[in-house]
């Protein structure tokens, strides 16, 4: 029974891949014309593009046309962007920030005056009230200095997000105005020495005082960005909650002011990159927090944390794109002027390849970031967490590759501190690590998708058992199609359609999940690129032929990658080396060292 | 394995012909007729030309009666008191200088091979080379292809092969010097050279075949030995060794000497966790001694263990959907079983009780082990609340015998000696075990 579900699911992914095969040559029309194999829905309509890809559906309405902003907004954003750009090019000395591991107060004040501390806070609370799209646009510029970008992100992408999305009206009124002006800086305190993603190992505890008016928070949090000077912190702690008569520990979110007392910050960490941002340990010793400072409800901190984390990720796409665009400018100048063998560097194929790669990555990241931001800005309750995770993974990894390739163009010159490239490399290394490591986000993407598709498919099967003939016919049709050669054996079923035992433990098959996530990332990237390019063609944007070129190249490449990964997912695929990889890793890990003997060793 | 080796030897012997080693003759007695024929077939004329003196049987008889005794005498005479490598070498020197013609060198080499373990040089490649050097050089090298085809100087070749075989049995790797000597003595195509080549083919391949090698030199100190053995059993890189008591002797008030046995224990962090979760109502057991063989040494260890948790007490940790901030730890799919679905997958699942710690001591009585348990309580406070039962065997005494048991050098089957020794010891081992289970 469940066999069908999963088989269908994997097939769907494959089919979507095939569809993109048809469209990779930039003929978006093909994609648009594709037969709408819309299965009946068992859930109410939601805005979910990436999740529906797991069902084998392309919700074109969500992604076509590419989201636009109104002319007024364009005007507004250009008015905002100009001074910020000027500020970053004239007043921010990134080399100095990196060297001294501190953002000078005058720079911070400049940022505050520009309103960059309250970008997404509504205007009624004194912020700029920017939409996600406009926020992404500004992130492109702030990303020119990694330390500043991280400081700003820790403040508003996660630090005060809790108040913004789950806080009560009083809390908003009390805290947001000061946070918007930058008078107060926010921080997000979740990670603990023994707990990264594991909520069960959070040790910080909040106990209700005897009079019931305060919670006393005890514990310590590590790696808190802005932890050294933040005045308002979103702190997650364990609280005792009574549920159906049973006492249970649940996570609760609190707004904690430094002024409450009992908070000590440790020494700032000495980091590889983003050295100007402040990261340190924060210890809470009997910090009294009034009961009205609970965000959401008591015991509801888990949802708050998840929502904050999921919503903060999308902007990394535009940040990375902004950074790469800047790098292209810097390196192309060098490549055009440096001569070797009476030829410019820019005439060498291998150098050209690097520039093509950078341009392509920047283009894809931009497209994904603005598509996602646009989806989030649509009215209704958008569910874009999977998309945001996809953007984060793609842009952090693409960013890292591009930055190191840019440095490679300059060779030894790029390796010195005289040029900013080594700083970009160092700053960029944090991207795959923070805001959820890429490994964890890959798990998130594939498991959320499978959960979503699995629920719908099992529901369908139940319907069928109840005797829904239309549904049964539909499924039979699909089976027929599969029998006619469209199906691939993914090794999920045994003889007579018995469910493979590994299906119960799909959560532990991380290498499989990674591939599924990668396929989905590529699919979403292709979608974003196609959507953006088709818009550019239709409204006749300048240089849209170049966009078509980029889109074609990227989609071809991604399509082949996807095909390869789907082949690897097949049963007994010779391309799939997972078993060996696991074996090697186990032997090395059991030994806790490199296993082989030295090549110079002899036995006689 | 032993069997195979015997077969191999038999074949060798047949190949070499009847004038083979003295010691082998008895083995071959069942088929003397066949051998007679073989001999005639194998011997080349050249052999007869060079050594036309006496029939082969005659020499054999003579050797049997006299020569070995004479050679043994030489060893006894020269190295009367201290049997060391130096004296062994001196005996060889004495023999080589005694007679330029090296008369009786085959017998001497056989006698020397037998004496090697006595002198403790059975694992020394230089000594083997020195013995090989006793052979006169270039005399036995075949001069034409017919000689090469047939068994040229079979007795000498057999002796050379026997020497290499003893090296093989003791796991001694021949070196370049061995090769050069063999080339000088028997030429590049002689049987000893072939044997050498086979050795050099297999020995390097098998050198590291054991993933858990025991070092050649085991630590002398019992505490160090216990540390080594415990690390070997535990197979956990995190496991921590604690010496609960160093061995020492002390005088008590009445002037009597008391010896404190050493107590060395090992426990890993995961074992500590396991023990901390143990239900204090269920007892834990101290069991032992269990033997551990390290080459020829047997050491004994004790374990602290519990019975497997009965199924009714097992608590499965319920899935908490609010466990992971980033991704669902479990897929919540409402899967049903269908008619055709198989309900149970056949998985053999045998539940074994957990082992919480191990220790080694040279005095396995309850008092000593109690000391270990109280030492463990420092890291495992829960042990104070758990009833601890001692299930000890009194088998150590018998086992001690097996350690002391050293079979005299078995002359006929030297190669299989280490194995038989181990086997007998293990058999002794098993007896107390059986009794132990019956006691329960």
Checking the structure you have, find out if any residue of segment A:365-374 is surrounded by fewer than 21 Cβ atoms within 10 Å (Cβ to Cβ), away from chain B (no Cβ under 14 Å) and touching a helix residue (DSSP H, G or I) at 6+ places or on another chain (Cβ under 7 Å).
no
Single condition residue B:248 does not satisfy, out of (1) more than 14 Å from chain A (Cβ to nearest Cβ); (2) closer than 18 Å to residue B:299 by Cα; (3) in contact with a strand residue (DSSP E or B) (Cβ under 6 Å, 6 or more places away or on another chain)
(2)
Testing residue A:582 on (1) under 29 Å from residue B:234 (Cβ atoms); (2) without any contact (Cβ under 8 Å) to a residue 40 or more places away in the chain, one condition comes back false. Which one is that?
(2)
Residue under question is residue A:151, and the condition is that it be more than 21 Å from residue A:312 (Cα to Cα) and not in a loop (DSSP other than H, G, I, E, B); does it hold?
no
Within segment A:86-117, track down each residue that is under 25 Å from residue A:129 (Cα atoms) and surrounded by 14 or more Cβ atoms within 10 Å (Cβ to Cβ).
A:87, A:88, A:92, A:107, A:108, A:110, A:111, A:112, A:114, A:115, A:116, A:117
Which condition number in (1) touching a residue at least 60 places away in the same chain (Cβ under 8 Å); (2) buried (at least 21 other Cβ atoms within 10 Å of the Cβ); (3) assigned to a helix (DSSP H, G or I) is the one that residue A:215 fails?
(3)
Taking only segment A:440-461 into account, find how many residues are within 17 Å of the chain's Cα centre (by Cα) and without any contact (Cβ under 8 Å) to a residue 12 or more places away in the chain.
0
Is there a residue in segment A:426-435 that is touching a helix residue (DSSP H, G or I) at 6+ places or on another chain (Cβ under 9 Å), facing chain B (nearest Cβ under 9 Å) and modelled with pLDDT of 70 or more?
no
Among the residues of segment A:311-321 satisfying the criterion of being in a helix (DSSP H, G or I) and crowded, with 24+ Cβ neighbours inside 10 Å, which is nearest to the other protein chains (Cβ to nearest Cβ)?
A:316
Applying the selection to segment A:542-567, what residues are on the phi < 0 side of the Ramachandran plot and outside any helix (DSSP H, G or I)?
A:542
Which number in (1) surrounded by fewer than 20 Cβ atoms within 10 Å (Cβ to Cβ); (2) assigned to a helix (DSSP H, G or I) marks the one condition that residue A:288 misses?
(2)
Is it true that residue B:240 is within 23 Å of residue B:388 (Cβ to Cβ) and without any contact (Cβ under 8 Å) to a residue 12 or more places away in the chain?
no
Given (1) in contact with a helix residue (DSSP H, G or I) (Cβ under 6 Å, 6 or more places away or on another chain); (2) modelled with pLDDT under 95, index of the condition residue A:362 fails
(2)
Those residues that are free of Cβ contacts under 8 Å to residues at least 12 places away in the same chain and more than 14 Å from chain A (Cβ to nearest Cβ), I need them from segment B:150-182; list them, please.
B:180
Quick one: residue A:460 ticks every box in (1) assigned to a helix (DSSP H, G or I); (2) at the interface with chain B (Cβ under 9 Å from one of its Cβ atoms); (3) closer than 26 Å to residue A:512 by Cα bar one, so which box is it?
(2)
Of (1) over 21 Å from residue A:147 (Cβ atoms); (2) within 23 Å of the chain's Cα centre (by Cα); (3) in contact (Cβ under 8 Å) with a residue 60 or more places away in the chain, residue A:239 satisfies all except one. Which?
(2)
Segments classed as strands (runs of 3 or more DSSP E), wholly inside segment B:227-312, with at least 1 members that are within 26 Å of the chain's Cα centre (by Cα) and modelled with pLDDT under 90
B:284-294, B:297-306
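The values are calculated or read from the model by the stated rules, or taken from the named source; none is laboratory data. The model shown is predicted, which means the values in this text are computed figures rather than measured ones. In this analysis, Cβ positions are derived from the backbone assuming ideal geometry, glycine residues included, and neighbour counts consider all displayed protein chains.
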